[in-house]
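This report concerns only the one structure given below.
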Amino acid sequence: MPPTAPLADRLHQAAARRVAARLWRQPPQVDYLDATHALVDGRKLTVFCHNDYLGLAHAPELVAARIQAASRWGGGSTASAMVCGYSSAHARLEEALAEWTGRSRALLFATGYMANVGVLQTLLGPGDLCVQDKLNHASLLDGARLAQAELRRYPHADAAAAARQLDSRPQAPALLASDGVFSMDGDIAPLTELAAISGARQALLLVDDAHGLGVLGPEGAGSVAAAGLGQDQVPLLIGTLGKAIGTAGAFVAGPDTLIEDLAQFARSHVYSTAPPPAVAEATLAAVALARSDGARRERLAELIRYFRRSASQLGLPLMPSQTPIQPLLLGDAGRAAVASQSLAEAGLLVTAIRPPTVPKQQARLRITLSAAHTMTQIDQLLDALDRLLRSGTLETVGSTSTGHSATMP
C-alpha cells in the first residue's frame with residue numbers, strides 16, 4: 001500500500017486521535033471457564049459484563065444438543081439459504097420462534113446487526129421517513145442511513161416527540177423503530193404508546209427486542225409480550241439469539257406475507273451464508289429451556305432486586321433500570337477505565353463503556369447480571385464497588401443519561 005494513500009492516512013489519523021484521548025479499545029482475550037468465570041491474561045475473573053442473562057450459554061442441555069447436532073450437520077451450512085444452506089433445523093427453529101413470540105412467521109439472520117440493517121434497508125428508500133429513539137442500537141440507525149431514508153430521532157422514550165416527528169411529514173411512508181430494552185441504559189421503551197402512535201398514523205412499527213427476549217414477558221417472550229402487544233400492534237419484531245438465549249444469530253418475526261417478502265429482498269439474508277444448522281439445533285434446545293424454565297427468570301429478578309437494593313444502601317447511584325443491565329454512569333472516560341481496571345484487580349470483569357459507544361462525558365460501567373450468578377458473587381461486586389466509592393475512584397456524575405447512539409464495543 002502506498003505510504004501516502006489518503007484513505008489509509010485519514011483512518012490512521014483518526015486512530016491516533018482516539019489513542020490520544022484514551023479511547024482506544026483493546027478487547028481482552030477471554031477463555032471462559034463456566035457461566036460466570038473467565039480467564040483473562042491468566043487470571044480467573046468473575047464476569048459481570050456479558051449478556052448471558054439466563055445462564056444458558058453453558059447449560060449442559062445446550063452443550064449436548066450442539067455436540068449431537070454437529071455430528072449430524074458438521075460445522076457450517078456451506079451456502080446461503082436461497083442456494084442450499086437452509087436446513088430442516090433452520091425451518092424448525094423459525095417455527096418455534098414465531099410460535100413463542102406470537103407471530104405468523106420468523107426469518108433467521110446471521111446476526112442482530114444484519115437483521116436490523118437488512119429489514120430497514122429493504123423496507124425504506126429515498127423520500128421515506130424513519131423515526132427512531134435517540135438511544136436506539138447503532139444497527140437501526142445504520143439501516144435507515146443505508147436506505148437513504150430521512151432519519152429523524154426523538155428524545156429518549158418520549159412518545160409524544162415521536163408522534164410529532166411522524167406528523168412532520170404525514171404523507172410520507174413511515175417506519176417507527178425502537179429498542180425494546182435499551183442496551184446501554186437498561187430501561188424499557190414506552191411500547192404501548194408507540195404502538196398507539198404508529199397505528200393512528202399508519203406507520204410500520206419495528207421493535208428490536210435484543211435485550212428483552214428471554215428475560216421479560218410470559219414465558220420470556222420479551223418486552224412486547226410483557227406490554228400485551230401482538231402482531232397487529234407490532235408488525236415487526238427483531239430478536240437476537242446470542243444474549244439471553246445463549247447461542248448465536250437473530251431473527252425477524254411478523255405477518256407471513258411481510259416476512260416472505262423480506263426473505264426475497266433483504267440483502268443481508270439473501271447474500272450471506274446461513275447460520276450453521278448445529279447452532280440452530282442448539283438454539284431450539286435453548287428456546288425450549290427459556291420458555292419452560294421460569295425459575296431462571298425468577299432467580300434473575302431476585303438478583304436484580306437484591307443488587308439494586310444493596311447498591312442504594314451503599315449510595316451507588318445506579319441508573320433507573322429493572323432489567324439485568326445495571327449501568328453506573330461515571331462521565332469521564334479515563335475514570336471509567338480506571339474503575340474497570342480496579343475491579344479487575346479485585347477479581348471482577350466489568351467493562352468500561354466509553355465514547356464513541358456512548359457520547360462524551362457519558363462513560364460508564366455497564367454491569368450485567370445473570371441467573372447463573374450467586375449471591376456471594378453479587379456481594380463481592382458490591383463490596384468492590386463500595387471500596388472504589390469510598391476511595392474516590394468511583395466518583396459518579398449522577399443517575400440520568402442523556403442518550404447514546406451506538407452499542408457495546
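Nothing in this text is a laboratory measurement; each read-out follows from the coordinates by a stated rule. It should be emphasised that the depicted structure is a prediction, and the values quoted were computed from it without experimental measurement. Note that we place each Cβ from the backbone using ideal geometry, even for glycine, and neighbour counts take in every protein chain shown.
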#### Entry: Rounded to the nearest 20 debye, dipole of the range 60-164 from Cβ charges on Lys, Arg, Asp, Glu
80
## Note on the structure
Under a Gaussian network model of the chain whose springs join Cα atoms within less than 10 Å, the largest fluctuation of Cys49, Cys130, Cys84 belongs to Cys84
### Task
Report the paramagnetic label zone for Asp232: residues of the range 198-225 whose backbone N is under 18 Å from a point 7 Å from Cα along the Cα-to-Cβ axis.
198-206, 224-225
#### Entry: Phi-based couplings in Hz for the range 27-42 (Karplus 6.51, -1.76, 1.60; Gly and Pro marked x)
x, x, 7, 10, 10, 6, 9, 7, 5, 10, 10, 9, 9, 10, 6, x
### Message
Show me, bin by bin at 5 Å from 0, the whole-percent P(r) of the range 60-292 based on Cα pairs.
### Response
1, 7, 15, 19, 20, 16, 10, 6, 3, 1, 0, 0
### Message
Just to check I understand the Karplus step: with θ = phi - 60° and J = 6.51 cos²θ - 1.76 cosθ + 1.60, what whole-Hz values come out for the range 57-67, glycine and proline as x?
### Response
4, 10, 4, x, 5, 5, 4, 5, 5, 5, 5
## Note on the structure
Sorted on mean Cβ neighbours within 10 Å (highest first), peptides 186-192, 238-244, 90-96 come out as 238-244, 186-192, 90-96
### Task
Could I have the simple spin-label model distance between Ser71 and Ala8, label points 7 Å from Cα toward Cβ, reported in nm to one decimal?
4.9
#### Entry: Separation between Cα centres of the range 192-270 and the range 35-73, rounded to whole Å
26
### Cα-derived Rg over Rh, computed across the chain with Rh taken as Kirkwood radius
0.96
### Message
Given the DSSP H assignment, sum -39500 (n - 2.57) over each helix run of at least 4 residues in the chain and divide by its residue total; what's the result at 222 nm in deg cm²/dmol, nearest 500?
### Response
-13000 deg cm²/dmol
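For an R0 of 25 angstrom, estimate the FRET efficiency from the Cβ-Cβ distance between Lys360 and Leu146 and round to the nearest 0.05.
E between Lys360 and Leu146, to the nearest 0.05, is 0.45.
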### Message
Taking the number of other C-beta atoms within 10 Å as the exposure measure, put His269, His12, His211 in order starting with the fewest.
### Response
His12, His269, His211
### Query
According to the square roots a ≥ b ≥ c of the eigenvalues of the Cα gyration tensor, what is the shape class of the range 9-158, taking rounded for a/c under 1.5, prolate for a/b larger than b/c otherwise, and oblate for the remainder?
oblate
### Task
Please arrange Met184, Met319 by counting, for each residue, the other beta carbons lying within 10 Å of its beta carbon, fewest first.
Met319, Met184
### Query
Taking amide H positions as placed 1.01 Å from N in the peptide plane, with prolines and chain starts having none, which residues 5 or more places from Ile367, or on another chain, fall under 5 Å of its amide H?
Gln326, Leu328
### Message
Using a Cα-Cα cut-off of under 13 Å, which aspartates and glutamates could be cross-linked to Lys360, ignoring same-chain neighbours fewer than 8 residues away?
### Response
Asp332
### Summary
By Cβ neighbour count within 10 Å, fewest first, Trp100, Trp24, Trp73 rank Trp24, Trp73, Trp100
